[in-house]
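The block underneath contains the structure these notes are about, expressed in structure tokens.
The values are calculated or read from the model by the stated rules, or taken from the named source; none is laboratory data. Everything quoted here is computed from the prediction, not taken from an experiment. Virtual Cβ from ideal backbone geometry, glycine too; neighbours counted across all protein chains shown. Remember, those area values only see protein heavy atoms, side chains included, never the ligands or the DNA or RNA. Shrake-Rupley method; radii C 1.70, N 1.55, O 1.52, S 1.80 Å.
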Amino acid sequence: QVQLAESGGGLVQAGGSLRLSCSASRTIIRINTMGWYRQAPGKQRELVASISSGSSTNYADSVKGRFTISRDNAKSTVYLQMNSLNPEDTAVYYCRCTDVRGIPYWGQGTQVTVSS
């Protein structure tokens, strides 16, 4: 059963925008932190942005001012609005959340490709 379902990836030109969405299934009880990670070819997976249950946010330096993370607790959904995309943002983007016990859940990943 898919517990985190991502959508919104795709191909975009440099300077363009994309919005990623990730919805958690009801099997994940009492979601705490939600976030997005990415992994480019040959590189380690890295944190892009996270948002706590109280809506405190954290961003990687490389995306500050360009990406915005938000969440809708009623829908158990987290969003990542990505603006001013550049080729260095090309990666597989993964949704992650933790429940109040600290157990992590990962999405299957969605490809984001930015052409120059």
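Tell me which residues, restricted to the stretch 31-65, are hydrophobic (A, V, I, L, M, F, W, C) and modelled with pLDDT under 95.
I31
Being assigned to a strand (DSSP E or B), open to solvent by 60 Å² or more (accessible area, probe 1.4 Å) and hydrophobic (A, V, I, L, M, F, W, C) narrows it down to one of L20, L11, so name that one.
The match here is L11.
Looking only at residues that are open to solvent by 40 Å² or more (accessible area, probe 1.4 Å) and assigned to a loop (DSSP other than H, G, I, E, B) in the stretch 28-41, which one is farthest from I103 (Cα to Cα)?
P41
Anything in the stretch 42-97 that is surrounded by 16 or more Cβ atoms within 10 Å (Cβ to Cβ), of a type in the set (S, T, Y) and touching a residue at least 60 places away in the same chain (Cβ under 8 Å)? List them, or say none.
Y79, Y93, Y94
Kindly evaluate S62 against the criterion of being among the hydroxyl-bearing types (S, T, Y), assigned to a loop (DSSP other than H, G, I, E, B), out of contact with any strand residue (DSSP E or B) (no Cβ under 8 Å at 6 or more places or on another chain) and within 16 Å of V114 (Cα to Cα).
Judged against the criteria, S62 is not a match.
Mind counting the residues in the stretch 80-104 that are in a strand (DSSP E or B) and in contact with a Leu (Cβ under 7 Å, 6 or more places away or on another chain)?
5
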